[in-house]
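Please read the structure below before turning to the comments.
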Amino acid sequence: MTSVLFVCLGNICRSPLAEGILINLIKTRGLTAKYTIDSAGTASYHIGKHADPRSIAVGQKHNIHLPSRARQFTTSDFDKFDVIIAMDSSNRRNILALARNTEDEAKVHQMRDFDPNGRGDVPDPYYGGDSGFDDVYTMLLRCCNGLLDAIEHNRL
Ligand code: 4NP
């Protein structure tokens with residue numbers, strides 16, 4: 001069993017969408033029994049909330065259901081997850097600030113490390129328009145495919 005945790009700032013826009021996309025890819029590839037997927041935010045602003053309606057809408061367009069409720073990343077997540085994926089460099093810094101040792105640190109990656117089209121941050125779509133969510137969906141789908149390939153081929 002491999003457990004993957006996606007982490008953004010609020011856990012309402014990017015990471016719940018990444019979670020839904022990866023769950024769907026895993027299902028499509030017939031790998032459901034091998035994985036546990038979850039998401040969290042580094043901030044506490046939105047604890048308990050459903051995903052942003054714009055993330056839910058872009059998910060629906062692609063037949064992806066987003067059931068997640070926002071929660072905050074905690075140190076105990078280093079014990080619960082094998083792979084921790086930050087959406088941007090700021091999320092990554094905030095996660096690493098909670099790491100206790102090099103073993104914790106080694107679990108942390110950035111989402112676009114798995115993007116065949118480039119590196120950098122998954123942009124935060126919260127303050128933008130709906131098209132930002134479509135662009136983020138396309139980027140997350142590319143990255144989730146790359147991430148799943150990396151895990152399946154023991155490249156992580
Ligand atoms: P997320 O987007 O990190 O992708 O969930 C954000 C959601 C909320 C806020 C910022 C980013 N906020 O400032 O409330």
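The values are calculated or read from the model by the stated rules, or taken from the named source; none is laboratory data. Nothing here was measured: the structure is a model prediction, and the numbers come from that model. Glycine gets a Cβ as well: all are built from the backbone with ideal geometry, and neighbour counts include every protein chain shown. Accessible surface is based on the protein model in full, side chains and every heavy atom, while ligands, DNA and RNA are left aside. Shrake-Rupley method; radii C 1.70, N 1.55, O 1.52, S 1.80 Å.
Identify all aspartates and glutamates with a Cα-Cα distance to Lys107 below 13 Å; exclude those on the same chain that are fewer than 8 residues away in sequence. The qualifying aspartates and glutamates are Asp77, Asp79, Asp82.
222 nm [θ] for the chain, helices only, -39500 (n - 2.57) per DSSP H run of 4+, per residue, to 500? Value at 222 nm, helices only: -12500 deg cm²/dmol.
If only the Cβ of Lys and Arg carry +1 and only the Cβ of Asp and Glu carry -1, the dipole of the chain around its Cα centre is close to 260 debye.
A cut-off of 5 Å between modelled amide H atoms, ignoring neighbours fewer than 5 places along the same chain, links Cys13 with Asp52. Here the chain carries DSSP beta bridges of which approximately 5% are antiparallel, counting only pairs with both residues inside. The residues of the chain expose, per residue, 49 Å² of accessible area to a 1.4 Å probe. By definition, a body whose alpha carbon gyration tensor gives a ≥ b ≥ c is rounded when a/c is under 1.5, and the chain falls into this rounded group.
With all protein chains present, how much of the accessible area of the chain (probe radius 1.4 Å) comes from carbon and sulfur, to the nearest whole percent? Don't skip to the end; give the middle numbers.
Details: 3810 of 7570 Å².
C and S atoms contribute 50 percent here.
In straight Cα distance, which aspartates and glutamates are under 13 Å from Lys27, not counting same-chain residues fewer than 8 positions off? Counting by Cα, and skipping residues close in sequence, Lys27 has these aspartates and glutamates nearby: Glu19. Close amide H pairs (under 5 Å, H built 1.01 Å from N) link Ser39 with Phe6, residues at least 5 positions away or on another chain.
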